[in-house]
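Data block below; observations after.
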Amino acid sequence: GKHVTPGLIDAHSHTAIDGAVNEATNIATAEVRIADVIDSEDVNIYRQLAGGVTAANVLHGSANAIGGQMAVIKMRWGALPEELMFEAAAPGIKFALGENPKQSNWNNDDPRYPQSRPGVAQIIDEKFQQAVDYRSKLERMSERRRGRNVVPPRPDLEMDAIVEILDGVRKIHSHAYRADEMVMLINIAESFGVTIGTFQHVLEGYKLARRMAEHGAGGSTFIDWWNFKHEAHDAIPYNPALMAMGGVTVGLHSDNPELARRMNLEAAKAVRYGDVDEHDALIMITANPARQLGVGERTGRLEEGLDADFVIWNGHPLSVYSRVEQTWVDGRRYFDREADRAQREALDAERRELIAMVLEEGKNDEAPEESAAED
C-alpha cells in the first residue's frame, strides 16, 4: 500500500544560506559564491527531507543582472557544509531580469545603475564583452608566448566566472518573468555562443516555449504564483504543460522553504492544470530538475547504478492526503516519520521533567525561614 519515488529535487531554493541571499552592492557580482555561506544547521534541511526533498539548487538572490555562483546540495542533515555539496553538479550562476535588478521595488534614495530593462540588457552584453577581452589577454599570456618582461593581466574573479560561462563550463540560471526579456537574453547569449541552462520562474514561458526549446534552455517554474508584482500579471497555471508541449525540459521549484515541503503537490497541480500525465508531472520534480542541474546520471530516477535517493510514501505521491514515511539520501535514511514521532515524545518528556525541576526548586527558594524569636 505504499509508493516509492525518486527523491524530489528543488531546482530553485534559498535554503541553508547563512545571512542575506543578495550581494546588492553592484549590478554584477559573479565572484560571489553561495558555497562560501552554506549553513548546514538550517532546520529547513530537515523539514524538507520530511517532504521528500533530497537535493536542491541553492541560488544567489536576484538583485543583480549577473549574480553569484550557485551551489547544488544534497540534504545530508547533520553533515558539514562542504559535505552537503553535490560534487557531480554542473557549475552554475544566477542571472536576473526584470524589476529586481532594475530596482523597481527598492528604496531609491541612492539609486544604482541601471534602472531600466534596456540597461540590464546593456550590462549583461557589456560584461560578456569584457570577459571576451579578458580571455584574449589570458590566451596571449600562455606559457609559450610569455616574455621575460611581460606583465600578466591582473586576476579578476568576476571575469574568471564569466569566462567560464563563455566557455560553456558554467551554466546560466536566470530569474525571469516576461517573454520579451527572456528573448533578449537568448539573443545576447547566442551572439556570444552561449546556451542558457534554465530560465527560473519563467512565468511567461508559454509564450516562447518553442524559442526556448530551439535554443536549448530549460524552464523551472511555479504553478500558481501570480499577481504578486506587476511583471507577474500574465502568469497562468497551464504554463508547465504548455512549455512541455513546446519541447522544453520543465521543472517545478519552490523558491520558498515552506513550499519546498510540499513539492509533490506542485506536481499534482500540473495534472490539474494542463492534464499532464501523472508520471510526467512527477518527472517535473525529479528527473527533469536533475537534468537541468547536470546530475541526471546520478539521481532523479529509480535505476540500478544511480545514487540511492528515494522516498517512501504512505499513499499516492501526488495525493494531498499522502505523507512521507521515509527519505533516503545516498542509501542512508535521513528522515523516518516513526523515529521523528518517538523523538518528539522523548523531547516532550524531557521538557516536562526540566520544568518540574525548576518549579520544585522555586518552591524551595520561597519557603519562609524560621525567625530568631522562634529560636
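Atom-type composition of the exposed protein surface of the chain places 48 percent of the accessible area on carbon and sulfur (1.4 angstrom probe). Annotation: peptides 185-195, 233-243, ranked by per-residue average of other Cβ atoms within 10 Å with the highest first, follow the order 233-243, 185-195.
Both radii come from the Cα set of the range 61-101: Rg as radius of gyration, Rh as Kirkwood radius; their ratio Rg/Rh reads 1.12.
The angle between the Cα long axis of helix 179-191 and the longest principal axis of the Cα atoms of the chain comes to about 60 degrees, rounded to the nearest 10. Radius of gyration over Kirkwood radius for the chain, both on Cα atoms: the Rg/Rh ratio is 1.11. Under 5 Å from the amide H of E325 lie the amide H atoms of I312, W313, N314, each residue being 5 or more positions distant or on a separate chain, with H modelled from the backbone and absent for Pro and chain starts.
When the dipole is taken about the Cα centre of the range 1-87, and only Lys, Arg (+1) and Asp, Glu (-1) are charged at their Cβ, what size is it in debye, to the nearest 20?
Values: 5 positive and 11 negative charges, 94 e Å.
Here the range 1-87 has a charge dipole of around 440 debye.
In this structure, the residue pairs whose Cα-Cα separation is over 32 Å, taken from K94/K207; K2/K207; K74/K137, are K2/K207; K74/K137.
Placing +1 on the Cβ of every Lys and Arg and -1 on the Cβ of every Asp and Glu, with nothing else charged, gives the range 50-115 a dipole about its Cα centre of roughly 140 debye.
Work out, step by step, the length gained on full extension between A349 and D109: first 0.36 nm times the residue separation, then minus their alpha carbon distance; give nm to one decimal.
Working: separation 240, 0.36 × 240 = 86.40 nm, distance 5.35 nm.
My answer for the length gained is 81.1 nm.
The stretch between Y321 and E304, if pulled fully straight at 0.36 nm per residue, gains 3.1 nm over its current Cα-Cα span.
For the range 271-375, what is the accessible area per residue in Å², given a 1.4 Å probe and the full set of protein chains?
Accessible area per residue: 68 Å².
The residue list G168, Q115, G274 was ranked by how far each Cα lies along the charge dipole of the chain toward its positive end, using unit charges on Cβ atoms, and G168 comes out on top. Rolling a 1.4 Å probe across the protein heavy atoms gives the range 208-260 an accessible surface of 41 Å² per residue. Normalised by 2.2 N^0.38 Å, with N the number of residues, the alpha-carbon radius of gyration of the range 218-375 equals 1.71.
Accessible area per residue for the range 1-134 is 37 Å², calculated with a 1.4 Å probe on protein heavy atoms, without ligands, DNA or RNA. By a 1.4 Å probe calculation restricted to protein chains, D180 has an accessible surface near 90 Å², given to the nearest 10. Residues H279, H12, ordered by accessible area of protein heavy atoms at a 1.4 angstrom probe radius and largest first, appear as H279, H12.
With helices as the sole contributors, the chain gives -10000 deg cm²/dmol at 222 nm; each DSSP H run of n ≥ 4 counts as -39500 (n - 2.57), and the sum is divided by every residue.
The values are calculated or read from the model by the stated rules, or taken from the named source; none is laboratory data. All of these numbers come straight from a predicted model, not from anything done at the bench. So basically every Cβ, Gly included, is an ideal-geometry build from the backbone, and we count neighbours across all protein chains shown. To get the accessible areas, we keep the full protein, side chains included, count just its heavy atoms, and leave off ligands, DNA and RNA. Shrake-Rupley method; radii C 1.70, N 1.55, O 1.52, S 1.80 Å.
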